[in-house]
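Working notes, beginning with the structure itself.
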Amino acid sequence: MAYFFATPVDIDIVLDNADDRSMVDVKLDKNRREKAPLYMDGESVKGAVTVRPKDGKRLEHTGIKVQFIGTIEMFFDRGNHYEFLSLVQELAAPGELQHPQTFDFNFKNVEKQYESYNGINVKLRYFVRVTVSRRIADVVREKDIWVYSYRIPPEMNSSIKMDVGIEDCLHIEFEYSKSKYHLKDVIVGRIYFLLVRLKIKHMELSIIRRETTGAAPNQYNESETLVRFEIMDGSPSRGETIPIRLFLGGFDLTPTFRDVNKKFSTRYYLSLVLIDEDARRYFKQSEIILYRQAPDPAGAQNQIMASAPDNSSKIMPGVHSMQ
């Protein structure tokens with residue numbers, strides 16, 4: 001039975017300079033990863049397509065085309081795809097193939113306005129699609145690429161300072177040196193204890209990614225803790241200062257995304273958590289902006305100012321939040 005559904009043709013898509021191009025290790029799911037070639041905004045996407053009839057048999061077709069497509073796939077929305085970019089080139093007019101044939105394609109200076117993203121409920125992807133049209137059933141092959149969008153380091157980058165606590169029990173000051181970080185940056189800060197009447201067991205700093213997809217009333221929010229870093233073990237004393245130094249380069253982070261194509265947003269928060277001897281948790285969250293800085297800032301093709309963060313800190317629901 002499989003014979004009747006076997007495709008009568010093999011299609012190979014080869015991108016130019018594939019061996020010299022940087023590759024991105026992409027997380028598909030919890031246990032699967034794959035590598036995709038890296039492209040930038042404004043860069044041409046070109047290569048060659050080889051169409052090879054199987055077993056030397058003659059292949060009749062009603063046309064061969066190649067497309068370069070950018071889509072946003074919403075997993076909760078019945079797998080609906082929203083195309084924000086679609087370019088097409090005709091490779092062959094209707095006819096027949098009996099021998100392998102190679103076709104060149106070149107999508108010049110393509111604007112890729114968004115960075116690729118593979119999240120919990122949404123995926124933004126760019127890919128080359130080749131379609132051999134036939135009267136019975138089309139034969140389609142796709143090849144994904146990955147896109148980075150670099151940003152110029154922001155001119156203004158204010159620190160985050162906050163004075164929080166629980167009345168007559170706990171009073172602390174915490175400070176992070178800045179509010180915007182590139183993906184290889186270091187979070188530097190300190191925590192100063194003004195009043196400690198709780199028996200604190202330990203304290204940790206977490207990075208939380210919050211993905212928002214869709215629009216009200218059909219809006220979905222997913223939060224995941226990407227990093228959990230213990231910064232203190234044992235009860236602090238009044239007047240004690242705890243330094244913070246957290247290197248971001250070793251973690252699977254993306255830039256902050258704001259209302260991408262009116263479909264999704266991705267925000268990051270620093271969450272300071274204190275746990276007492278009764279396992280009660282006290283916490284405070286502050287939003288930070290993450291951006292991708294070019295390895296050579298002068299050489300980036302698309303440099304856009306990093307967007308400003310929301311200056312208001314966020315208090316998340318839980319057992320206790322520090323005011």
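Annotations for the structure displayed:
- Cα-based radius of gyration of the chain once divided by 2.2 N^0.38 Å, which approximates compact folds: 1.29
- Each Cα pair under 8 Å and six or more residues apart adds its separation to the average, and for segment 2-148 the resulting relative contact order is 29 percent.
- Exposure proxy ranking, count of Cβ atoms within 10 Å, fewest first, for Thr7, Thr212: Thr7, Thr212
- Annotation for Val88 and Ser223: the two label points, set 7 Å from Cα along the Cα-Cβ direction, are 4.5 nm apart.
- Coordinate range along principal axes, alpha carbons of segment 1-88, Å, largest first: 40, 36, 29
- Across Lys123/Lys201; Lys27/Lys180; Lys46/Lys262, pairs whose alpha-carbon gap is larger than 32 Å: Lys123/Lys201
- Shape of segment 176-235 from the C-alpha gyration tensor: prolate (a/c of 1.5 or more and a/b above b/c, with a ≥ b ≥ c the square roots of its eigenvalues).
- Of all DSSP bridge pairs formed entirely within segment 2-148, close to 95 percent run antiparallel.
- Taking the fewest neighbouring Cβ atoms within 10 Å as the starting point, the ordered list for Lys112, Lys27 is Lys27, Lys112.
- Within the chain, DSSP assigns beta bridges of which about 90% are antiparallel (rounded to the nearest 5).
- Cβ crowding within 10 Å ranks Tyr150, Tyr181 as Tyr150, Tyr181, fewest other Cβ atoms first.
- Extension reserve of the Met156-His81 stretch, reckoned as 0.36 nm per residue once the Cα distance is removed: 23.3 nm
- Efficiency of FRET from Cβ geometry, Ser235 and Ser22, R₀ 56 Å, rounded to 0.05: 0.70
- Shape class of segment 185-297 from the alpha-carbon gyration tensor: oblate, with a/c at 1.5 or above and b/c at least as large as a/b.
- When only alpha carbons are used to place a centre, segment 236-276 and segment 158-225 end up 6 Å from one another.
- Potential lengthening between Asp55 and Asn31 on full extension [0.36 nm per residue; Cα-Cα distance subtracted]: 5.0 nm
- On a per residue basis, the convex hull of the C-alpha atoms belonging to segment 2-148 measures out at 144 Å³.
None of the figures in this text is laboratory data; all of them are computed from the coordinates on show. Keep in mind that this is a model prediction, so the values were computed, not measured. We place every Cβ from the backbone using ideal geometry, glycine too, and count neighbours over all the protein chains shown.
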